[in-house]
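The values are calculated or read from the model by the stated rules, or taken from the named source; none is laboratory data. Every value quoted in this text rests on a predicted model; they were computed, and no experiment measured them. As a convention, Cβ positions derive from the backbone with ideal geometry for all residues, glycine included, and neighbour counts pool all protein chains shown.
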Amino acid sequence: MKRKVRLGVIGAGWWATSNHLPLLAARDDVEFVGVCRKGADELALIRERFGFAFATEDAAELLERCELDAVIVASPHTIHYEHARAALERGLHVMVEKPMTTRTDHARELVRLADERNLHLLVPYGWHHKPFIQEAKRLLDGHCLGELQYVLCHMASPIGALLRGEPKQLDRIGGQAGESLFAPEPATWADPVIAGGGYGHAQLTHATGMLFWLTPLHAQSVFARMSAPDARVELYDAMTVNFTNGALGAVSGAGTMPRTGLPYQVDLRLFGANGMLLLDTERARLELHTHDGKQHIAEVDPASGGYECAGPPHNFIDLIVGKTEINHSPGEAALRSVELLDAAYRSAATGQVEAV
């Protein structure tokens with residue numbers, strides 16, 4: 001019988017305890033060894049609920065005292081790098097929440113460490129596991145569009161309460177794979193120092209992560225405008241992007257969709273020398289139209305684009321135990337997303353075009 005994957009968790013808050021841990025608790029090849037978060041009472045609750053052998057408020061102590069194979073990092077955005085780097089340096093596989101980091105140099109360092117040490121580095125972008133999104137990946141890997149020339153990348157979602165840090169609204173935000181033990185911590189979303197930014201880091205990274213997973217594009221420079229009505233972090237993002245291959249792009253985000261059960265908007269429209277590919281999660285669709293008159297319209301249930309995040313945690317463990325060799329949300333794609341967003345935040349602050 002093969003040994004179970006010995007797992008540690010750094011940052012066991014709302015999302016980790018309502019999605020990642022319930023999913024992995026159902027597997028017979030994962031052992032919950034150690035957990036880290038702030039708050040003794042919260043730690044005790046998590047330890048009891050999920051059966052962790054060790055619990056601490058100190059991430060360094062977790063890594064020092066526990067025999068681990070892998071770590072999930074779900075701490076606040078601005079300390080992802082610190083925790084993920086420490087785990088990689090100890091030879092551990094890492095699944096780190098999005099955004100992978102808030103700085104380009106930090107993201108590059110994590111990818112370098114994982115590559116040098118032959119470790120799995122995964123960022124849990126749930127949409128990448130949708131069948132029609134994976135079909136788009138296969139089409140684009142087959143160079144269906146030729147050289148990319150222009151892209152539109154848009155996302156909108158109902159997280160205004162999170163970004164404004166409104167406690168009464170936060171209590172109503174549930175989990176996905178399991179019962180929520182905690183409401184989201186307002187500061188991790190709404191405090192610009194802790195969160196490192198607003199909608200760009202909190203959500204738009206889903207859409208940009210998808211763009212950079214589906215395509216080989218690399219951002220070269222960005223001009224961005226951001227606005228934050230009634231909030232300390234931005235709710236809206238608008239940016240123009242120059243890519244290294246000469247392509248142009250428009251990237252936008254809005255965090256104030258009404259919380260009425262509507263699907264999140266993720267809309268990618270990719271234009272190349274050979275035609276265009278349209279990918280949409282709101283009214284789920286995948287269409288390819290080429291200049292030679294051919295078209296491919298995938299058979300997709302229009303209601304199948306809703307966000308789910310079961311795929312990434314399972315993909316992470318499957319990579320470690322050898323059930324798959326395919327990482328559907330690798331650190332490299334997340335790195336290119338960080339490059340774009342880092343430049344965008346700098347541009348919004350300076351009012352100038354900023355290079356990656």
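Listed values, structure above:
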{"item": "Residue count, the stretch 281-320 (criterion: farther than 30 Å from Ala114 by Cα and aromatic (Phe, Trp, Tyr))", "result": "0"}
{"item": "Any hit, the stretch 33-44, residues being buried (at least 19 other Cβ atoms within 10 Å of the Cβ), charged (D, E, K, R) and closer than 17 Å to Phe182 by Cα", "result": "yes"}
{"item": "Search result, residues across the stretch 86-106 that are under 27 Å from Pro186 (Cβ atoms) and either within 13 Å of the chain's Cα centre (by Cα) or surrounded by fewer than 24 Cβ atoms within 10 Å (Cβ to Cβ) (or both)", "result": "Ala86, Met95, Val96, Glu97, Lys98, Pro99, Met100, Thr101, Thr102, Arg103, His106"}
{"item": "Selected residue (criterion: farthest from Tyr125 (Cα to Cα)) from residues of the stretch 297-356 that are in contact with a Ser or Thr (Cβ under 8 Å, 6 or more places away or on another chain) and not in a helix (DSSP H, G or I)", "result": "Val353"}
{"item": "Qualifying residue in the stretch 122-131 (condition: crowded, with 20+ Cβ neighbours inside 10 Å, more than 19 Å from Ala74 (Cβ to Cβ) and under 20 Å from the mean Cα position of the chain (by Cα))", "result": "yes"}
{"item": "Among residues of the stretch 109-143, those that are touching a helix residue (DSSP H, G or I) at 6+ places or on another chain (Cβ under 9 Å) and either in a loop (DSSP other than H, G, I, E, B) or polar (S, T, N, Q) (or both), counted", "result": "8"}
{"item": "Single match in Gly331, Gly272 (criterion: at pLDDT 95 or above and surrounded by 22 or more Cβ atoms within 10 Å (Cβ to Cβ))", "result": "Gly331"}
{"item": "One residue from Arg112, Arg108 being assigned by TED's automatic domain parsing to the domain that holds Ala59, among the basic types (Lys, Arg) and without any contact (Cβ under 8 Å) to a residue 12 or more places away in the chain", "result": "Arg112"}
